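These notes are about the structure you will find just below.
The values are calculated or read from the model by the stated rules, or taken from the named source; none is laboratory data. In this text the structure is predicted, and so the values were computed from the model without any measurement. FYI the Cβ positions are ideal-geometry reconstructions off the backbone, even for glycines, and counts take in every protein chain you see. Accessible surface areas use protein heavy atoms only, side chains included; no ligands, DNA or RNA. Shrake-Rupley method; radii C 1.70, N 1.55, O 1.52, S 1.80 Å.
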Amino acid sequence: MKIRHIHLEETTSTNIYIKEVALAADEMVVVSTDWQTAGHGQGVNRWESERGKNLLFSLMARPSFVAVQQQFALSMAGALAIKDVLDRFTPDIRIKWPNDIYWRDRKISGTLIETSIAHGHIKDCVFGVGLNVNQTQFRSDAPNPISLAQIVGHEIDRQTLLNDILTAFDQYYRWIENGQYADLSACYHAALYRRKGFHTYRDTAT
């Protein structure tokens with residue numbers, strides 16, 4: 001499928017901006033930026049990103065062939081696309097349910113997905129992605145951030161990385177179009193963080 005790319009030096013949020021972009025039925029659109037003034041993650045969390053260092057982008061598609069009951073397939077496709085590309089740089093990349101990307105026990109990417117529904121199917125789907133690429137110092141109180149440059153020891157070309165992620169996503173998107181939900185689910189579950197063994201945890205209960 002054709003993917004149209006819009007790059008902004010600065011914007012409030014790529015998820016906000018992309019919702020105002022006209023989208024043809026036979027295309028997807030991606031909006032990327034060097035800096036977001038109001039970017040955020042799940043809930044009230046903010047995504048820390050140094051200007052011009054990381055990948056901040058939103059991808060919008062109109063997967064009207066996806067029934068509401070199957071919408072998690074889109075989340076799986078997005079997470080697998082990012083994992084597949086990062087696997088080319090380093091081992092130990094895993095998906096932390098539902099769609100965070102981890103290297104060992106440290107978070108390298110997060111995705112915020114927003115969907116709209118019409119007649120029991122997905123009308124629009126927006127993936128807002130923050131991927132730590134070339135940032136080497138993190139100052140927020142996030143407990144475990146890491147970047148690709150910190151892992152591999154050198155900077156990575158962000159545009160090439162984005163192009164590769166979009167190509168990988170298009171592949172998994174075609175799986176969904178073809179009804180390959182079982183294949184997608186098998187790949188996703190095989191990639192899950194801490195899917196084997198016993199792991200301690202602590203809750204917030206007093």
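So that you can scan it fast, the table gives a plain yes or no per residue for (1) farther than 26 Å from residue 72 by Cβ; (2) among the charged types (D, E, K, R):
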{"residue": "146", "(1), (2)": "yes, no"}
{"residue": "150", "(1), (2)": "yes, no"}
{"residue": "156", "(1), (2)": "yes, no"}
{"residue": "167", "(1), (2)": "no, no"}
{"residue": "179", "(1), (2)": "no, no"}
{"residue": "183", "(1), (2)": "no, yes"}
{"residue": "186", "(1), (2)": "no, no"}
{"residue": "191", "(1), (2)": "no, no"}
{"residue": "194", "(1), (2)": "no, yes"}
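Of all residues in region 137-154, those satisfying the criterion of being exposed (fewer than 14 other Cβ atoms within 10 Å of the Cβ), in a loop (DSSP other than H, G, I, E, B) and at pLDDT 95 or above are 153, 154.
The one condition from (1) farther than 27 Å from residue 139 by Cβ; (2) modelled with pLDDT of 95 or more; (3) of a type in the set (D, E, K, R) that residue 96 does not meet is (1).
Screening region 3-36 for residues that are open to solvent by 50 Å² or more (accessible area, probe 1.4 Å) and over 19 Å from the mean Cα position of the chain (by Cα) and picking the one that is nearest to residue 123 (Cα to Cα) gives 25. Among residues of region 179-206 being open to solvent by less than 50 Å² (accessible area, probe 1.4 Å) and part of a loop (DSSP other than H, G, I, E, B), the one that is modelled with the lowest pLDDT is 193. Within region 74-105, the residues that satisfy the criterion of being in contact with a strand residue (DSSP E or B) (Cβ under 7 Å, 6 or more places away or on another chain) and either under 19 Å from residue 182 (Cα atoms) or open to solvent by 50 Å² or more (accessible area, probe 1.4 Å) (or both) are 74, 75, 78, 79, 83, 87, 92, 94, 95, 96, 97, 99. If only residues of region 47-67 that are in contact (Cβ under 8 Å) with a residue 40 or more places away in the chain and of a type in the set (Gly, Ala, Ser) are counted, the one that is most open to solvent (accessible area, probe 1.4 Å) is 64.
Do you know which residues across region 155-178 are farther than 17 Å from residue 93 by Cβ, open to solvent by less than 40 Å² (accessible area, probe 1.4 Å) and either at pLDDT below 95 or among the hydroxyl-bearing types (Ser, Thr, Tyr) (or both)? Of everything in region 155-178, just one residue is farther than 17 Å from residue 93 by Cβ, open to solvent by less than 40 Å² (accessible area, probe 1.4 Å) and either at pLDDT below 95 or among the hydroxyl-bearing types (Ser, Thr, Tyr) (or both), namely 173.
Listed here are the residues, each with its yes/no results for (1) polar (S, T, N, Q); (2) within 26 Å of residue 187 (Cβ to Cβ); (3) assigned to a loop (DSSP other than H, G, I, E, B).
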residue: 6; (1), (2), (3): no, no, no
residue: 17; (1), (2), (3): no, no, no
residue: 31; (1), (2), (3): no, no, no
residue: 59; (1), (2), (3): no, yes, no
residue: 63; (1), (2), (3): no, yes, yes
residue: 69; (1), (2), (3): yes, yes, no
residue: 82; (1), (2), (3): no, yes, no
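State yes or no: is residue 115 out of contact with any Pro (no Cβ under 7 Å at 6 or more places or on another chain), over 14 Å from residue 151 (Cα atoms) and hydroxyl-bearing (Ser, Thr, Tyr)? Answer is yes for this residue.
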